[in-house]
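Right, one structure below, let's go through it.
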Amino acid sequence: MTGISELFSGFRASSSGTTAERARMDIITTNLANAQTTRMPGGGKPRPYQRQQVSFEPILRRMANGEDTIEGVRISAIEPDNVTPFEEIYDPGHPDADPTTGIVRMPNVNATKEMADLITSVRAYEANIKAQENFIRMAETALRLAQ
């Protein structure tokens, strides 16, 4: 029975990875969509879009022997990127330019980095889908052998 339990444990792990990577892809596409957004809702002084980033954490399960085992991954946080600085450009004609300096604060989104992150996330998503397909094939084979 342990083999079946381990089979489904692997399926759950790849399933959680698929879910987490899908959410990561959504955040990356939101970042890309707002790469030129210089004014966020809320009134007051113009505030550019701030890049969001996803953090993952393992899903742990306590075993009967007291040890923890990793069962998958989940999103631990979606937080603003407070490290990457906003780009500042001189464009006095821009509606969100500072009236005294003519400087416009642009989002801290680097489209090249976001595209690289998106490719990595898509590859991880595809790998998890492939693992799920393999788990299904193994389960089907086990059922056929058990008949």
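Throughout, read-outs are computed from the coordinates displayed, never taken from laboratory work. Since we're looking at a predicted model, the values are computed, not measured. Note that each Cβ is placed from the backbone with ideal geometry, even for glycine, and that neighbours are counted across all protein chains shown.
Please report the net charge: other residues with Cβ closer than 14 Å to the Cβ of residue 79, K and R +1, D and E -1. Summing Lys/Arg as +1 and Asp/Glu as -1 gives 0. Remark: 114, 140, 21 ranked as 140, 114, 21, counting other beta-carbon atoms within 10 Å and listing the fewest first.
Under 5 Å from the amide H of residue 72 lie the amide H atoms of 59, each residue being 5 or more positions distant or on a separate chain, with H modelled from the backbone and absent for Pro and chain starts. Helix 111-146: angle to the longest alpha-carbon principal axis of the chain, degrees 0 to 90, nearest 10? Between helix and principal axis, roughly 10 degrees. Residue order for 54, 83, 109, 122, fewest other beta carbons within 10 angstrom first, comes to 83, 122, 54, 109.
Mind pulling the angle between the C-alpha long axis of helix 2-33 and the longest principal axis of the chain? Nearest 10 degrees, somewhere in 0 to 90. Helix 2-33 sits roughly 10 degrees off the main axis of the chain.
Against the empirical 2.2 N^0.38 Å (N residues), the chain has a Cα radius of gyration ratio of 1.53.
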